[in-house]
Amino acid sequence: MMITAKTKITGLFGYPVEHSISPAMHNAGFAALGIDYCYLGFLVAPQALASAVQGIKAMNFKGVNVTIPHKENVIPLLDEVNEEARFIGAVNTVLNRDGVLAGYNTDGRGFMKSLEEAGVDPAGKKVLIVGAGGASRAIGYYLAQKAERLTLFDIDREKLGKLAEDLNKVSSHAEAAESLSGMEEADIIINATPLGLKPGDPLPVDIAKVQKKQVVCDLIYKNTPLLQGASATKGCTTVNGLGMLFWQGVLAFEIWTGTTAPVETMKKALAEAFEKQK
Ligand code: NAP
């Protein structure tokens, strides 16, 4: 890849940002298509977010991804935000459309694509999401429209109640659960809590209650103890969060370039970067 004075700049605003494996997949995608774009990491401290967003216009960047801790705070700094990002209350992709900054959220659609790729169709199924934070809201927006029933559980009752209420405006199939006692009824169980990121974390659900017929998903990229337990000891189909990361990136790539992404090249680059980081 040759950087020139005409190269269109994209990247990631985050704090921290150095750990990100997104540059590998996007730069491989641009190179495969032979288009003059690049993707960089930008360490943007919370107090610098407004100036950094102004910089997208001032320096004519093509667009950026936005990650922790900026996904919510970026919204008032944009010129427009699409319906799904407004519902989710978070933006992960910004497009600079000739000086107009448009916000999108590709996390939810990314997760749905990862399920599809794994051969899992939530249509007409009973889905349980553990965790009612930002990621749960993003995937819940789509799952509520597809599933026969979407059950949510979180230790934060206020957040749980608000998410169930909001999702019921999208579809009447969402409900908040008081406990995980009914988890045996679910066809698909999804961990949308950070439990499993750190060694020694407790499991988000009781693995003893997981059954072979259930699909178990984790939004965390790596093979968490939950996924290991569900697959190795219970024989369940499992889906990790790497697919969601990948597909949200593919969708962002297509928003910036207006071109179909070279998915096989990008997937290989992401997998290699992930292996190196392990
Ligand atoms: P978040 O906003 O912090 O939400 C997590 C929620 O889970 C919080 O409400 C938390 O409650 C709750 N929780 C914690 N322990 C729980 C338990 N034992 N039972 C039930 N609920 C519990 O986090 P997030 O941004 O939604 O992210 C969630 C996970 O998704 C993270 O692991 C993140 O890495 C992952 N993620 C992956 C992708 C991807 O592309 N694959 C994208 C986004 C996020 P408290 O706040 O009270 O602790």
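Exactly one of these conditions fails for residue 166: (1) away from the ligand (no atom under 15 Å from the Cβ); (2) charged (D, E, K, R); (3) touching a Phe, Trp or Tyr at 6+ places or on another chain (Cβ under 8 Å). Give me its number.
(1)
Would you be able to tell me the number of residues in the stretch 178-204 that are within 20 Å of residue 143 (Cα to Cα) and buried (at least 17 other Cβ atoms within 10 Å of the Cβ)?
Here the count works out to 11.
Under 7 Å by Cβ, and 6 or more places apart or on different chains, what pairs join a residue from the stretch 235-252 that is open to solvent by less than 10 Å² (accessible area, probe 1.4 Å) and within 10 Å of the ligand (Cβ to nearest atom) with one that is at pLDDT 95 or above and assigned to a strand (DSSP E or B)?
241/218
Rundown of residues vs (1) near the ligand (Cβ under 10 Å from one of its atoms); (2) in contact with a Ser or Thr (Cβ under 7 Å, 6 or more places away or on another chain); (3) in contact (Cβ under 8 Å) with a residue 24 or more places away in the chain, yes/no style:
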residue	(1), (2), (3)
161	no, no, no
174	no, no, yes
180	yes, no, yes
184	no, no, yes
193	yes, no, yes
199	no, no, no
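Go through the stretch 1-23 and report how many residues are hydrophobic (A, V, I, L, M, F, W, C) and open to solvent by less than 40 Å² (accessible area, probe 1.4 Å).
The total comes to 4.
Suppose we filter 35, 56, 9, 68 for residues that are part of a helix (DSSP H, G or I) and of a type in the set (Val, Ile, Thr); which single one remains?
Answer to the check: 56.
The values are calculated or read from the model by the stated rules, or taken from the named source; none is laboratory data. Please read all numbers here as calculations on a predicted model, not as lab measurements. Cβ atoms come from the backbone with ideal geometry, glycine included; neighbour counts cover every protein chain shown. Note: areas computed on protein heavy atoms with side chains; ligands, DNA, RNA excluded. Shrake-Rupley method; radii C 1.70, N 1.55, O 1.52, S 1.80 Å.
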